[in-house]
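Q: Have a look at this one.
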Amino acid sequence: EIERFGVDYFLEHIDTPELDHLLVLAAAAGLATGTDISFPNPDAAVDAGSVDLVGRLDGKTATFDGPILSDDEYDDAEPQVRAANELDVALSDLADAASAPLPDAEFVLVGAIADVGRIDDSVPWTGPPLADLMVPLGDANGRSCAVVAAGVAPLLPRAWNSYFESGGDVWLIEGRPLFPHEHDCADVRTTLTR
């Protein structure tokens, strides 16, 4: 499992050729060592952002914190920093592909009612009322789940950690396509508690 910006990528659900590439990059970035790694930004005057990754591989946990490299910096950077940048881009591409709605795909929405103070951060939910769709997962975080067709969740591409107003409540919703082994919210609960 690799975490990027709080999103967990469960590697066992990724196709083999892509998985092999991600594991090679994770190992080259040092995420399989169980050691925390930090590289300072080479140009502190220009903060282009950072690459923040957590790897949980082979029973070891490691973190990587380093700069996002510009094209000019890439060739001179440490090999671990280059690998982490490539891994960051590969995971970003996976997230982009996963959030693109497919016509017949099924998606999972996981969410919870949020603090009403977040109403200013929310957008209206245009599908059926979330309270009617969502089924409690019974987890410690009080989350609920719904498996929906793409047409039921027209705002899904925005649903990665977004606030939606539905039926007078504000919901914090995360959306993604179902993993191949998932068919319903019971399967989703199993995935979330691994």
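Q: Given H placed 1.01 Å from N in the peptide plane, which residues other than close sequence neighbours of Ile37 have an amide H under 5 Å from its amide H?
A: Amide H to amide H, under 5 Å and 5 or more residues apart or across chains, Ile37 pairs with Thr63, Phe64, Asp65.
Q: Compute the FRET efficiency between Val24 and His183 as 1/(1 + (r/R0)^6), taking r as their Cβ-Cβ distance and R0 = 45 Å, and round to the nearest 0.05.
A: So, using R0 = 45 Å, E works out to roughly 0.90.
Q: Each residue of segment 184-192 in turn: what ³J(HN,Hα) in whole Hz from Karplus with 6.51, -1.76, 1.60 and θ = phi - 60°, glycine and Pro shown as x?
A: Rounded to whole hertz, the list is 8, 5, 5, 5, 4, 4, 4, 4, 5.
Q: Modelling each spin label as a point 7 Å along the Cα-to-Cβ direction, I'd like the Ala131/Ile68 distance in nm, to one decimal.
A: Output for this residue pair reads 4.0 nm.
Q: Further question on the same structure: May I ask you to compute the full-extension gain from Glu3 to Glu106, defined as 0.36 nm times their residue separation minus their alpha-carbon distance, rounded to one decimal in nm? Please list the in-between numbers first.
A: Working: separation 103, 0.36 × 103 = 37.08 nm, distance 2.35 nm.
34.7 nm is the gain from fully extending Glu3 to Glu106.
Only the coordinates and a few stated rules stand behind these numbers; no lab work does. Just so it is clear, the structure is predicted and the values come from calculations on it, not from any experiment. In this analysis, Cβ positions are derived from the backbone assuming ideal geometry, glycine residues included, and neighbour counts consider all displayed protein chains.
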